[in-house]
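The values are calculated or read from the model by the stated rules, or taken from the named source; none is laboratory data. What you are looking at is a predicted structure, and each value in this text was computed from that prediction instead of being measured. We place every Cβ from the backbone using ideal geometry, glycine too, and count neighbours over all the protein chains shown.
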Amino acid sequence: MTELAPVETLLARMEAGLRDLIRDRGMDDPAMIGIHTGGAWLAERLHRALGLNTPLGTLDISFYRDDFSTAGLHPQVRPSNLPFKVDDRNIILVDDVIYSGRTIRAALNEIFDYGRPSRVVLAVLIDRGQRELPFAPDVTGTVLSLTEGQRIKLRGPDPLELEIRDAA
């Protein structure tokens, strides 16, 4: 069994990494967007911890997935909410797990439907590698190697807990 650090520890790493990234890249008044559901839960916590001024945005990328027909419809499709102008903004995109990269591609497609940001940086709780598309997070809570058939799931929103499951 793979040992996982507590979510709070990983969130603290993400917060520190984002503070450094915002400072080092001169990102004035960045906007944050969380991908439903796990990414939105994490983004709520990070948004508050970082004291960002711009309201938090959320995305449901269900209809933007390129594997929609094989992955199936998510049972609880939620509306996306970007309560700020996207054009020329520095955007922090937050998700719980990056794996194939398809969720991130879908999120970027949706963001660009709202406008053209100046920059998008990616923050994820877990990077489990094995990308199918060339995306890499700028900030990561941890990198995790799982065996074939294992999945990782963020449960929440309160408390936030990680669970590794074997696909059955």
(request) Please work out which residue is farthest from Leu160 (Cα to Cα), limiting yourself to region 1-40 and to residues that are touching a helix residue (DSSP H, G or I) at 6+ places or on another chain (Cβ under 8 Å) and assigned to a helix (DSSP H, G or I). (result) Ile22
(message) Restricting to region 41-65, count the residues that are closer than 22 Å to Ile126 by Cβ and either in a helix (DSSP H, G or I) or modelled with pLDDT under 95 (or both).
(response) 15
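Go through region 128-168 and give me each residue that's of a type in the set (D, E, K, R) and surrounded by 18 or more Cβ atoms within 10 Å (Cβ to Cβ). Lay out the reasoning, then the answer.
First, the residues of region 128-168 that are of a type in the set (D, E, K, R): 128, 131-132, 138, 148, 151, 153, 155, 158, 161, 163, 165-166.
If the condition is that a residue be of a type in the set (D, E, K, R) and surrounded by 18 or more Cβ atoms within 10 Å (Cβ to Cβ), then Arg128 is the only one that fits.
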(request) Please name all residue pairs, on different chains or six or more residues apart, with Cβ atoms under 8 Å, provided the first residue is in region 44-57 and is farther than 16 Å from Arg13 by Cα and the second residue is charged (D, E, K, R) and not in a loop (DSSP other than H, G, I, E, B). (result) Leu56/Glu44
(message) Filter region 96-121 down to the residues that are within 16 Å of the chain's Cα centre (by Cα) and among the charged types (D, E, K, R) and list them by number.
(response) Asp96, Arg102, Arg105, Glu110, Arg119
